[in-house]
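See structure below.
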Amino acid sequence: MEISLPRNLMSDDEWSLFEYFILAIRARNGRKPTNHRLVLDGIFWIARTGSPWRDLPEEFGKWSSVYRQFRRWTLAGLWEDILEALNQSGAVPNALQMIDSTVIRAHHQAAGGKRGTPRQGFGRSRGGFTTKIHLRVNAHGLPMRTDITPGQTSDYLGFDLVMSDNLPEPKVLLADRGYDADRIRKNMNERDILTQIPMRKTRKMRVGVDHGLYRLRNLVERCFNKLKNARRVATRYDKTAESYLGFIDITSIRLWVRHLST
């Protein structure tokens, strides 16, 4: 008996968004383009199931062709371009933003990438062989920027990666006490951003927090939970930092599309 495969196919609205950016980066010369919509569905299937590329169902095309297209789009910065356009669209309020990080366990087959494990975002933490995802979200809990570092990296470094000033600036930034540093508070004050960060026990200069406002920080925790519904994000199987970030950004974009469509 033939079993139908769950495909989680794109809607027409979702495809129209991806198609616009795909056509913008596609080279004018070269071979005739493949069915990019089917290729994207195959990439989404890999992201959702966490399966190896070789296990991609034949209905999506040859696995190696889908993989090569994924790498081409990833290295061309397609996912970052789409995410930046969504952030700059003004479709969602940006006055309130949150940052946080989470540690992801890496599969043993993810080791062995070129240039060494630290450059590919691998490290050793209490969780073992891990990668840390740094995330910045807006007031609706939608991802604005993501980046990865080795699992043992401090949140201070992650702050610098996700809080660069080419995105819409918040009026208020929420973060946990892992970001309680004089340097971070000074940086935010210079950018006229109100921070709501609980104090570390070792802090001598006491700083208050609006606890009613701080409760909204659960939005970034909920965003992590949604991202981890994609098994290719919840466990790292990719050897290269670019590919793993690609899956994180793809999942982030789909959260945006789902939110805007409703």
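Hey, can you tell me all the residues within the stretch 182-197 that are farther than 21 Å from residue 87 by Cβ and surrounded by 14 or more Cβ atoms within 10 Å (Cβ to Cβ)? Before the answer, list the steps.
Our first condition is that a residue be farther than 21 Å from residue 87 by Cβ; within the stretch 182-197, this holds for 182-186, 189-190, 196-197.
Scanning the stretch 182-197 gives 184, 185, 196, 197.
Out of all the residues in the stretch 173-181, is one or more touching a helix residue (DSSP H, G or I) at 6+ places or on another chain (Cβ under 7 Å), at pLDDT 95 or above and either open to solvent by less than 50 Å² (accessible area, probe 1.4 Å) or among the polar types (S, T, N, Q) (or both)?
yes
Please count how many residues of the stretch 1-20 are of a type in the set (Ser, Thr, Tyr), open to solvent by 80 Å² or more (accessible area, probe 1.4 Å) and at pLDDT 75 or above.
Final tally of qualifying residues: 1.
If only one of 219, 245, 227, 213 is open to solvent by 20 Å² or more (accessible area, probe 1.4 Å), under 11 Å from the mean Cα position of the chain (by Cα) and in contact (Cβ under 8 Å) with a residue 12 or more places away in the chain, which one is it?
Values: 219 fails: under 11 Å from the mean Cα position of the chain (by Cα); 227 fails: open to solvent by 20 Å² or more (accessible area, probe 1.4 Å); 213 fails: under 11 Å from the mean Cα position of the chain (by Cα).
Just one listed residue meets the conditions, 245.
Which of the residues spanning the stretch 50-104 are surrounded by 13 or more Cβ atoms within 10 Å (Cβ to Cβ), assigned to a helix (DSSP H, G or I) and among the polar types (S, T, N, Q)?
If the condition is that a residue be surrounded by 13 or more Cβ atoms within 10 Å (Cβ to Cβ), assigned to a helix (DSSP H, G or I) and among the polar types (S, T, N, Q), then 65, 69, 74, 87 are the ones that fit.
Assess whether residue 248 counts as being among the aliphatic types (A, V, I, L, M) and within 14 Å of residue 137 (Cα to Cα).
yes
The values are calculated or read from the model by the stated rules, or taken from the named source; none is laboratory data. As the structure is a prediction and not an experimental result, all values here were calculated from the model. Positions of Cβ are generated from backbone atoms using ideal geometry, with glycine treated the same way; all protein chains shown enter the neighbour counts. What goes into the accessible areas is simple: the full protein's heavy atoms, side chains included, and nothing from ligands, DNA or RNA. Shrake-Rupley method; radii C 1.70, N 1.55, O 1.52, S 1.80 Å.
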